[in-house]
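Reviewing the structure listed below.
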Amino acid sequence: MNAYDSYDEPGEPVTEHGMTRRQLMRHAGWFGGAVVLTVASGEVISQIADSRGATAEAATGAAAAGSGTLRFVQVSDSHIGFQGPANTDVAGSFTEAVNQVNSLGFRPDFVMHSGDLTHLSTAGQFDQVKQMMSGLKTDRVFTVPGEHDSIGDAGRAYRRTFGAGTLGDGWYSFDTHGVHFIALVNTMSLEKLGHLGNTQIDFVRKDLAGLSSDTPVVVFSHIPLFAMYPKWGWSTDDALKVIALLRRFSSVTCLNGHVHQLFTKTEGNITFHSATTTAYPLPKPGRAPAPTPQVVPARQLKDALGIRSVGYRQGDRELAVKDQRLA
């Protein structure tokens with residue numbers, strides 16, 4: 001029995017969030033923030049910033065920034081369209097996240113939104129979040145879909161808005177500053193866990209085939225590619241097939257959203273980073289009956305929300321990851 005089985009009954013009433021309880025269980029999985037990653041020597045370094053967003057690495061990284069430095073930002077789980085007491089103004093929170101990205105002191109090479117851009121995948125919500133992200137001071141904006149971005153239409157509305165140039169359900173890859181990036185979609189075939197499917201795994205196999213093993217690789221997905229908490233669907237059932245393809249690389253960083261909280265796990269050459277949210281917090285694994293939006297005192301909400309920045313300088317072996325709160 002999976003975490004959603006008890007909500008599979010037909011005719012189920014709609015909750016205050018505009019979804020059935022089953023949909024809420026399935027789609028309220030994570031919230032996003034922005035993270036800065038720095039790659040050096042082909043490995044990723046992760047650092048958690050204090051409430052002011054300060055770390056020693058950030059200070060030295062800023063001084064070292066130059067033409068050969070890659071800097072990008074991850075934001076996640078904006079859930080535009082959500083209505084509920086956990087956050088009565090998700091659009092306002094996401095606007096603050098955009099403003100924080102624009103105030104980092106550098107222009108990111110790109111911004112990645114790692115899914116659940118919207119809450120109910122309506123055309124209006126997609127248009128709204130696209131318009132809001134147009135205010136980001138960056139050269140490029142990338143996205144991957146969350147399960148909230150495919151409600152009722154298998155992701156067609158998402159792909160109409162954000163899928164140009166992608167393959168299949170919206171996956172793709174690109175290279176910049178000596179780093180290879182892969183954006184995966186693991187939210188389209190949800191039974192109890194995330195799922196990639198053989199077609200997408202074949203894409204990864206062919207995509208990686210020509211790369212040297214010392215190429216830093218960064219993988220984006222919405223749902224974690226590791227077993228963070230399968231009981232709540234916080235895992236991807238066929239992720240090990242992709243992980244096996246990544247083992248030969250000296251440095252691999254996997255960045256996800258969905259769980260609305262910071263979490264880092266390292267397995268050999270692969271480091272997994274779950275991002276926080278710009279919308280609302282979710283409970284720690286196992287500390288609640290289900291991963292439903294958590295109501296916290298208004299003054300504490302921003303402490304649970306944030307962004308992530310990442311940096312990499314060619315010739316280094318590590319990426320530097322910095323998580324910042326909206327507070």
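The values are calculated or read from the model by the stated rules, or taken from the named source; none is laboratory data. Keep in mind that what you see is a predicted model, and the values were worked out from it rather than measured. Note that each Cβ is placed from the backbone with ideal geometry, even for glycine, and that neighbours are counted across all protein chains shown. SASA here: full protein model, heavy atoms, side chains in, ligands and nucleic acids out. Shrake-Rupley method; radii C 1.70, N 1.55, O 1.52, S 1.80 Å.
Roughly speaking, what is the centre-to-centre gap between the stretch 277-307 and the stretch 68-90 when only Cα atoms are used, to the nearest Å?
13 Å
At what distance in nm do the modelled label points of ARG248 and THR95 sit from each other, each positioned 7 Å from its Cα along Cα→Cβ?
For the pair ARG248/THR95, the computed spacing is 5.0 nm.
Once ligands and nucleic acids are excluded and a 1.4 Å probe is used, how much of GLU267 is accessible, expressed in Å² to the nearest 10?
The accessible area of GLU267 comes to roughly 60 Å².
For the stretch 106-159, which trypsin sites (Lys or Arg not before Pro) are in a loop by DSSP, counting at most 14 other Cβ atoms within 10 Å? Provide the component values of the computation, followed by the final result.
Numbers: sites: LYS130, LYS137, ARG140, ARG156, ARG159; in loops: LYS137, ARG140.
Listed in order of number, the matching sites are LYS137, ARG140.
Quick check for you: with a 1.4 Å probe and neighbouring chains kept, what is the accessible area per residue of the stretch 83-157, in Å²? Could the numbers behind the result be given before it?
Numbers: 2900 Å² over 75 residues.
The answer is 39 Å² per residue.
Whenever you get a sec, compute what percent of the accessible area on the stretch 64-165 sits on carbon and sulfur atoms (1.4 Å probe). Don't skip to the end; give the middle numbers.
Details: 1800 of 3800 Å².
Solvent-exposed carbon and sulfur of the stretch 64-165 make up 47 percent of the total.
How much length, in nm to one decimal, is gained on full extension between ASN102 and ARG299, taken as 0.36 nm per residue of separation minus their Cα-Cα distance?
Numbers: separation 197, 0.36 × 197 = 70.92 nm, distance 2.33 nm.
Result: 68.6 nm gained on full extension.
In this model, which of LYS241/LYS302; LYS192/LYS284; LYS265/LYS302; LYS192/LYS322; LYS130/LYS284; LYS192/LYS265 are farther than 28 Å apart at the alpha-carbon?
Working: LYS241/LYS302 37 Å; LYS192/LYS284 18 Å; LYS265/LYS302 24 Å; LYS192/LYS322 31 Å; LYS130/LYS284 30 Å; LYS192/LYS265 22 Å.
Long pairs (Cα-Cα over 28 Å): LYS241/LYS302; LYS192/LYS322; LYS130/LYS284.
Take SER189 and LYS137, extend 7 Å from each Cα along the Cα→Cβ direction, and tell me the distance between the two endpoints in nm.
4.4 nm
From largest accessible area down, sort ASP139, ASP89, ASP109; use a 1.4 Å probe on the protein chains. Working shown, then result.
Values: ASP139 105, ASP89 85, ASP109 35 Å².
Sorted descending by solvent-accessible area, the residues read ASP139, ASP89, ASP109.
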